[in-house]
Amino acid sequence: MHGLRPKRKGDRYARPERCSGRAGQRRGPGTPMRPCRKRPLRAGGAVVSSMSAATAPPARQEDRTGLLIGVLVVAAFVMFLNETVFSVALPTLTRDLRLTTATVQWVISGYLVAMAIVLPVTGYLLDRFSVRRIFIGSLTVFSAGALIGALAPGFGLLLTARIVQAGGTATMVPLLMTSVMRYVPAHRRGATMGATSIVVAVAPALGPALGGAVIDNLGWRWIFWITLPLALAALAVGVVVVRAPSPLRVVSLDLPSLALSVIGFGGILYGLSALGERRTAMPFGVWGPVTAGAGALLLFVVRQRSLQRADRALLDLRPLALRRFSVALVLAALMFLTLIVAGSVLLPLYLQTVLGSTSFAAGMALLPGGLMLGILGRPAGALYDRVGVRSVVVPGAITIATALALFTTFGNGTGLAAVIGVHVLFMTGVAFLMTPLITEALSALPEHLHSHGSAILNTLQQVAAGFGTAASVTIATLASAGTAPDSTGLRVAFTCTAGVGLVLAGLAPLARTHRTHGTEKTET
């Protein structure tokens with residue numbers, strides 16, 4: 001390279017001037033500094049475009065980022081809509097398939113277990129494959145599950161379809177969060193994450209109402225026939241639009257870690273779901289899987305701590321060593337537990353078994369609260385950007401605890417308007433925790449840990465949801481006079497959930513992030 005001569009006019013074979021050693025500059029002998037074209041960068045064995053937020057024109061880069069996040073949000077909306085659409089379908093499935101409710105409920109529990117099993121693997125996938133490949137793979141798997149469900153002749157294939165769909169959904173959730181953290185500037189992450197919370201809020205809120213309407217008029221298979229074209233349309237648009245530089249790494253899949261993850265998370269959630277199903281005191285069919293799962297999970301943690309020293313962990317646990325991430329993680333798990341238990345389990349049971357509402361009416365009663373969560377998601381994120389996490393999270397946690405305390409007063413004579421009003425209050429509090437806590441947790445991490453931090457966050461939320469679902473159903477049933485939860489049993493379960501709300505409100509002040517001159521600092 002030192003023997004290169006300067007390029008002369010008309011010399012088509014002259015080799016280009018060598019770089020001066022400064023980024024983005026070339027210097028030929030006796031020539032001034034000038035920009036040079038960068039070669040494509042290689043990361044993880046794949047060619048990655050060198051165009052980034054730092055080199056692309058700001059307006060163009062912002063448009064491309066907005067389009068990318070928008071397509072991911074639409075795809076996630078379709079997937080989250082499917083997550084709760086079967087929550088009002090259990091009586092119909094019990095009758096049509098001639099099975100017990102204890103068996104049919106695995107349409108919901110199996111989905112939850114599959115999500116918890118796949119989520120720990122997403123950290124590896126996001127490191128190894130590009131955003132485009134993961135997007136296409138996720139929606140392809142989800143669409144295959146929808147097709148299987150639409151053609152399912154019985155319960156076996158129906159459950160298989162739900163598990164396959166859960167695998168696609170579990171991959172899309174961390175992809176969306178990691179993309180926001182990777183491509184959106186730090187000062188806009190809260191507002192952008194708030195906009196994406198519409199997916200988390202509105203889609204599950206629409207699910208029960210949509211499911212009740214479809215099941216009552218067309219049958220449960222039409223849930224899949226409606227979902228399938230929506231997923232395929234999102235896939236077709238994504239194939240054209242989703243193109244983004246991805247900092248990939250060559251990492252190997254540790255099969256022992258994968259096996260321990262499946263046994264650990266799957267065993268724990270299977271046992272907890274079985275506890276809610278059997279409603280008996282400490283059967284081996286419950287505590288056997290829980291014990292085996294806990295042992296496998298302990299070995300999983302030990303192995304990850306060993307592998308992460310060489311950056312080979314299936315799920316890197318180093319984010320847990322950061323106080324700021326850990327505090328946000330615990331608060332988010334408690335918030336999600338109360339959200340699932342109060343909003344998705346106990347309240348629908350109360351509306352149907354105590355107030356005598358139909359499945360469709362119960363789904364519609366939950367809709368205003370879900371819409372409120374979607375409406376407030378972006379303002380809550382923007383408020384987090386301006387004032388930090390504590391000023392948003394503490395009032396939100398107090399609001400949740402207040403609403404949960406009001407749930408304990410519900411009885412046979414409670415009016416439907418009062419139930420809807422308290423639920424809207426509850427979801428308002430959730431809105432002021434969901435977006436800030438997710439953004440706070442991931443903002444505490446360096447970029448190479450965003451994918452693993454997102455996987456940890458979503459996995460713990462699913463485990464919390466599984467535990468809360470099993471425990472709340474069991475408590476409500478044991479405290480009831482009959483075999484089904486009644487007003488007294490549901491009040492006891494609401495009281496236990498209100499206790500979790502008090503713990504959440506007590507721990508909320510531990511979030512102590514503040515901002516100085518546009519940077520984030522964590523107080524110690």
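The values are calculated or read from the model by the stated rules, or taken from the named source; none is laboratory data. Keep in mind it's a predicted model, so treat the numbers as computed, not measured. Heads up: the accessible areas ignore ligands, DNA and RNA and are worked out on the full protein's heavy atoms, side chains in. Shrake-Rupley method; radii C 1.70, N 1.55, O 1.52, S 1.80 Å.
Centre-to-centre, using Cα atoms only, the range 300-316 and the range 144-168 are separated by 33 Å. Ordering L175, L206, L502 by accessible surface, largest first, gives L502, L206, L175; the 1.4 Å probe counts only protein heavy atoms, with every chain in place. Rolling a 1.4 Å probe over the protein heavy atoms leaves W287 with an accessible area of roughly 100 Å². A 1.4 Å probe, protein heavy atoms only, puts the accessible area of E447 near 100 Å². Accessible area of D96 (1.4 Å probe, protein heavy atoms only, ligands and nucleic acids ignored): about 80 Å². Across the protein chains, with a 1.4 Å probe defining accessible surface, the residues V184, V240 rank V240, V184 from largest area downward. Rounded if a/c is under 1.5, else prolate if a/b is larger than b/c, else oblate: which is the range 365-411, with a ≥ b ≥ c the root eigenvalues of its Cα gyration tensor? Note, shape of the range 365-411 comes out oblate.
Quick one: ranking L151, L139, L334 by accessible area, 1.4 Å probe, largest first, what do you get?
L151, L334, L139
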